[in-house]
Every structure is written in C-alpha cells, then in structure tokens.
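Structure, as structure tokens:
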Amino acid sequence: MRKWIQYPHREGTVSRQAHADFPDTAIYEREVGRSGFFGPATHLHHKHPPTGWSAWEGPLRPRAFDLNELPKNVAAPWAAPLVLHNAQCKLRIWSVDQAMTQLFRNGDGDDMLFIHAGSGELFCDYGHLSYRDGDYILMPRSTSWRIEPAAPTTMLLIEASNGAYQLPDKGLVGPHAIFDEAMLDVPAIDDAFRAQQTEDEWQVVIKRRGALSTVTYPFNPLDAVGWHGNHSVARINWRDIRPLMSHRYHLPPSAHTTFVADGFVICTFVPRPIESDPGALKVPFYHNNDDYDEVIFYHAGDFFSRDNIKPGMLTFHPAGFTHGPHPKAFAKAMTDPKTFTDEVAVMIDTRDALEQGPQMPEVEWTQYVDSWKPKP
C-alpha cells in the first residue's frame with residue numbers, strides 16, 4: 001500500500017481557491033499536478049504568463065497538425081494514416097467514400113471510432129447500426145465490421161492496444177450523470193442486416209500484432225440471427241452528453257472523461273455555459289500535465305482558447321512543459337468573456353509518451369510553438 005505525500009501549504013500571495021479570485025498582483029495561475037488531473041497538485045501564481053516564452057529549441061514542443069491534409073479515400077481502416085502511437089494507444093485518421101469490400105477485425109485491442117464527418121451504415125457481428133457525425137462507436141476487440149458510407153466519411157480511430165474501453169467512475173454525481181448508460185445504442189438484427197446475409201464470398205482481414213491475415217468465407221460471416229449478453233458494439237453521440245458545469249469554478253478536463261482504457265482516457269468537450277461568477281477563471285487554466293501526453297482533436301465550433309485552429313486539426317502537448325490558453329484568449333476572458341462555448345473536441349491523455357506517425361511532419365503547423373509569444 002502507498003499514498004501520495006500530502007502537505008497543503010500556502011506561501012506568499014495566493015488565492016485560497018484554485019481557478020478563482022486571483023490576487024491583483026499575480027493573475028497568472030499555473031497548476032502543477034500528477035496523475036493527469038487526478039493526483040496531488042500545487043497552484044503557483046506568476047507575474048508573467050507561464051507560456052510567455054520568446055524562443056524554443058529542441059524536439060520537445062507543442063505541436064499542431066492539420067489532419068485535413070492527409071490522404072483521402074483510403075480503402076480500409078488498417079491502411080489509414082497513423083497519427084500518434086505508443087504501446088497502449090494508436091490514433092489513425094480515416095477518410096473514405098466507398099463501401100468496404102472486406103470485413104475488418106482488430107485482434108490487437110478495442111477500437112473507438114469517432115465520426116468527424118459523414119453518415120452511413122455499419123454492419124458487424126451484432127447487427128446493423130446507422131452512424132452520423134459526432135458518433136462514438138465502441139468496437140470491441142476481434143469484432144468483424146464494415147461500413148457503407150452514405151456521405152463521405154472521416155473518422156478518428158483510437159485503438160486501445162491490448163486493452164479494453166470502460167466507463168469512468170462518476171463518483172459523487174452518480175452513474176446517470178454526463179450520460180445515462182441507457183443512452184448507449186447497440187446494433188439491431190433488422191431487415192437491413194438480414195438483407196446483407198448473402199451466399200457471396202467475403203473476406204475478413206484480421207490485424208494481430210500489427211500484421212494482417214486474410215480469411216475467406218464462401219458466404220457473408222455477418223450471419224447472426226440473434227444474440228444476448230452484455231458485450232457488444234455501442235454508440236453514443238456527443239450531442240447526448242450533458243457536461244458537468246459550475247458557474248463559479250472552471251472544472252478540469254478530467255470532469256469531462258467519457259471513456260477509460262489502460263494507460264489513457266478519452267474526454268469530450270461539448271458546448272456549455274461559461275463560468276459567470278466574477279472571480280472564476282473562464283478559460284482553461286495554465287498547467288503542467290507532467291505525467292501524461294495531451295492530445296486534442298478539434299471536431300466542430302469555435303475553439304475559443306486557441307488561435308488559428310480549425311475543425312480537423314489536432315494539437316499534441318507532450319508532458320514536460322506548461323501550456324494553456326493563447327494570450328488573446330486569456331486577455332479577452334479577463335475583460336470581455338464569452339457567455340457560452342460552442343466547441344466540440346476529443347481529448348486523449350496518455351500515461352506513456354506518444355510517437356508521431358511517419359506522415360505527421362508533412363502536415364505539421366510548425367509555427368504553432370510561436371503562437372504563445374507575446375505580440376509586439
């Protein structure tokens with residue numbers, strides 16, 4: 001058994017409440033925390049912005065990628081460009097406008113499909129499910145599936161390598177907060193599913209340990225007539241998420257955790273009212289996320305804490321340095337704050353360091369690190 005050392009202490013000029021009522025002489029608060037946003041933390045108050053660097057050298061730095069510039073209409077998910085990866089998590093972006101001609105089965109871990117754009121039909125071992133933009137679709141390990149896009153489809157594929165997705169413990173707010181599990185949709189054995197059960201030859205491409213194998217059937221193996229149990233493909237849309245909010249306190253990203261896997265979490269930022277209490281911080285706080293790499297995929301809306309970020313882009317903040325709102329966003333929040341945010345984004349926090357995929361340097365916005373520099 002072990003526990004973190006606890007020594008709550010106040011030194012110098014501080015606010016007694018984190019993220020609120022900053023002292024006039026030091027309005028820049030920086031959170032230094034462990035275990036993502038779940039461990040012990042200290043809040044330092046600075047005279048200057050913690051991101052006010054004037055130069056940066058070396059490989060560690062904040063990065064931004066425009067995933068819209070990656071190849072489109074890739075035939076199959078296993079060929080989709082690799083964005084970021086480590087031993088526990090692999091991120092790919094897949095754009096496709098044609099129906100899959102083979103089934104896919106991932107033997108390396110669960111997949112989470114976040115539908116960034118498009119709509120269509122998904123067929124899998126458990127039946128038929130329609131999809132649209134904003135859907136999360138949980139694909140359990142070794143499930144056979146394929147899609148038929150009705151409109152060109154782009155999705156973020158998040159693999160829990162050698163792991164499984166679960167829901168977070170919602171603690172004091174109870175199991176029905178954020179979203180009720182009754183909101184999860186599962187595939188149906190319906191007319192559309194039965195209609196595709198032909199005697200035509202089909203192949204299943206199986207990924208295991210990163211290698212592909214192909215199994216041929218003289219019929220469509222998606223031929224179930226029924227099923228029962230509590231293990232299935234599941235779908236929920238970000239529009240079904242009811243975020244935790246406080247008018248007096250800016251909640252940390254951990255309050256928006258949607259799914260938990262081994263070594264990483266997926267959080268969802270959805271539209272919400274902005275804090276209205278005069279003393280409350282109204283933008284994400286400056287912080288060191290020193291145990292986790294932080295990734296944000298921007299899906300829709302106005303990303304009020306970032307400049308020059310558009311839907312389809314992804315930012316990557318490796319552990320080891322302070323990050324937070326851009327200067328213009330922080331200044332506006334202090335003088336003329338918005339009352340509502342309409343941004344939708346997916347955040348992935350990984351316990352182990354992420355590596356870039358081979359095509360990422362081609363789509364990197366290399367001036368992103370300079371976007372925090374004070375303007376003349």
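Going by what's in this entry, would T258 be described as in contact with a helix residue (DSSP H, G or I) (Cβ under 7 Å, 6 or more places away or on another chain) and not in a loop (DSSP other than H, G, I, E, B)?
No: the conditions fail for T258.
Which of the residues that make up segment 246-274 are aliphatic (A, V, I, L, M) and closer than 27 Å to R351 by Cβ?
Once the filter is applied, which keeps residues that are aliphatic (A, V, I, L, M) and closer than 27 Å to R351 by Cβ, segment 246-274 yields L251, A255, V260, A261, V265, I266, V270.
What residue, among those in segment 177-214 that are among the polar types (S, T, N, Q) and surrounded by 12 or more Cβ atoms within 10 Å (Cβ to Cβ), is nearest to the chain's Cα centre (by Cα)?
Ranking the candidates gives Q203 first.
Identify, from the list G127, G107, G171, the residue that is modelled with pLDDT under 95 and more than 20 Å from the chain's Cα centre (by Cα). Walk me through it before giving the result.
Details: G127 fails: modelled with pLDDT under 95; G107 fails: modelled with pLDDT under 95.
Exactly one residue qualifies, and that residue is G171.
Which one is nearest to V283 (Cα to Cα) among residues in segment 320-351 that are open to solvent by 70 Å² or more (accessible area, probe 1.4 Å) and in contact (Cβ under 8 Å) with a residue 60 or more places away in the chain? Talk me through it step by step, then tell me what you get.
Residues of segment 320-351 open to solvent by 70 Å² or more (accessible area, probe 1.4 Å): 328, 332, 334-336, 339-340, 342, 351.
Imposing the further condition that a residue be in contact (Cβ under 8 Å) with a residue 60 or more places away in the chain reduces the set to 334, 339-340, 342, 351.
Values: M334: 9, T339: 11, F340: 11, D342: 13, R351: 24 Å.
Of everything passing the filter in segment 320-351, M334 is nearest to V283 (Cα to Cα).
Which residue out of P59, P8, P49, P23 is at pLDDT below 80 and open to solvent by 40 Å² or more (accessible area, probe 1.4 Å)?
Within the list P59, P8, P49, P23, the selection yields P8.
Go through segment 239-255 and give me each residue that's within 16 Å of F285 (Cα to Cα), open to solvent by less than 50 Å² (accessible area, probe 1.4 Å) and either in a helix (DSSP H, G or I) or not small (G, A, S) (or both).
Within segment 239-255, the first condition is being within 16 Å of F285 (Cα to Cα), and the residues that meet it are 245-255.
Subset that is open to solvent by less than 50 Å² (accessible area, probe 1.4 Å): 246, 250-255.
Selection gives H250, L251, P252, P253, S254, A255.
Look at segment 292-319 and say how many of its residues are open to solvent by 20 Å² or more (accessible area, probe 1.4 Å), more than 13 Å from W372 (Cβ to Cβ) and charged (D, E, K, R).
Qualifying residue count, segment 292-319: 2.
Out of R235, R194, I need the residue that is without any contact (Cβ under 8 Å) to a residue 60 or more places away in the chain and either basic (K, R) or assigned to a loop (DSSP other than H, G, I, E, B) (or both). Which one? Lay out the reasoning, then the answer.
Numbers: R235 fails: without any contact (Cβ under 8 Å) to a residue 60 or more places away in the chain.
Result of the check over R235, R194: R194.
Condition test on D370, is it farther than 19 Å from E69 by Cβ and under 21 Å from the mean Cα position of the chain (by Cα)?
Numbers: farther than 19 Å from E69 by Cβ: yes; under 21 Å from the mean Cα position of the chain (by Cα): no.
No, not satisfied.
Of the residues in segment 51-108, how many are aliphatic (A, V, I, L, M) and under 30 Å from H287 (Cα atoms)? Give the derivation first.
From segment 51-108, those aliphatic (A, V, I, L, M) are 55, 60, 64, 67, 70, 74-76, 79-80, 82-84, 87, 91, 93, 96, 99-100, 103; that's our starting set.
If we keep only those that are under 30 Å from H287 (Cα atoms) as well, we get 55, 60, 64, 67, 82-84, 87, 91, 93.
Going through segment 51-108 one residue at a time, the tally reaches 10.
If I ask for residues that are at pLDDT below 95 and either open to solvent by less than 50 Å² (accessible area, probe 1.4 Å) or hydrophobic (A, V, I, L, M, F, W, C) (or both), which ones from segment 66-75 would you list? Please lay out each step first, then the result.
Initially, segment 66-75 is screened for residues at pLDDT below 95, giving 71-75.
Matches in segment 66-75: V74, A75.
The values are calculated or read from the model by the stated rules, or taken from the named source; none is laboratory data. All values reported here derive from a predicted model rather than from experimental measurement. Positions of Cβ are backbone-derived with ideal geometry, glycine not excepted, and every protein chain shown enters the neighbour counts. Ligands, DNA and RNA are excluded from the accessible area calculation, which covers all protein heavy atoms including side chains. Shrake-Rupley method; radii C 1.70, N 1.55, O 1.52, S 1.80 Å.
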